Amino acid sequence: MKYKEPTQPTKRANYALLNRKGKLSMKSNKNDRRSQRTRQLLTNALVELMLEKSYESITVQDIIDRANVGRSTFYAHYLDKEDLLTSQFEEAGRHLGEEFSDGDSALFLTLRVFQHTRENYRLYKALVWGRGIEIVFKALEAHLNAHLEAEFKQKLGERPSPIPLPVVTHYITGAFLTLLKWWLDNNMPVTPEDMDRYFRQLTIPSVEGLLDIKFK
């Protein structure tokens, strides 16, 4: 018996966590040089600390001591250390939002993520070393799953899926994040373009065959 999704209107998921447009934050909107310099100091401090110890053990006090800024300055820019951490992925989130708004499948935005990872290699290595990567991966996985499920529902129309769609989406995002972590752990032995191609070759044919759909 084939699995059929409950009937409901197809709609695009809200990607506020990654693009942060919908997140309530006390972070200042100032873009002056002083604010940018402060943000950079705090970011550098967090990265340095994550290369020394686990993310969980790092406190806001550790960060402001390393950055040599006051506590009130920190809270004028960020809610907490997680706000500081996730703010580093605004660019990736913006790219994700652009891809989603274009109506393309999440299977085709992976190159942007690989490129962002290479461009911010030190940050990502610090995340892996300091075990802060789980926070980023958890947010990314949730948004990829939401988009994929909406995309598959749209492509399937009234046709039932032979496998529950959440199973399919978690399989895809799990494969992607596993490859991304392998790439980081092995010091990026191939290019982002190669990784994107490998991921597509491993996932797209099986999904197209299983669901009888086609991607661009």
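Computed quantities for the displayed model
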item: Least to most buried among W183, W129 (fewest other Cβ within 10 Å first); result: W129, W183
item: Positive-end extreme of charge dipole, region 27-88 - chosen from L49, Q61, S87 (charges on Cβ); result: S87
item: Sorted by Cβ density within 10 Å, fewest first, the residues V168, V60, V69; result: V60, V69, V168
item: Cross-link pairs K81/K153; K125/K153; K53/K81; K125/K214; K81/K138; K153/K181 - those with Cα-Cα distance over 25 Å; result: K81/K153; K125/K153; K125/K214; K153/K181
item: Under Karplus coefficients 6.51, -1.76 and 1.60, residue-wise ³J(HN,Hα) of region 113-121 in Hz, glycine/proline x; result: 5, 4, 5, 4, 5, 5, 5, 10, 4
item: Around L49: net Lys/Arg minus Asp/Glu count, Cβ-Cβ under 9 Å; result: -1
item: Förster radius 41 Å - calculated FRET efficiency between E82 and R200, Cβ distance, rounded to 0.05; result: 0.80
item: Ranked list, fewest to most other Cβ atoms within 10 Å of each Cβ, for S87, S72, S35, S57; result: S72, S57, S35, S87
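A short reminder: the numbers here are calculations on the coordinates, not readings from a lab. Since the model is a prediction, treat every value here as computed from it, not as a measurement. Neighbour counts run over all protein chains shown; Cβ positions are idealised from the backbone, glycine included.
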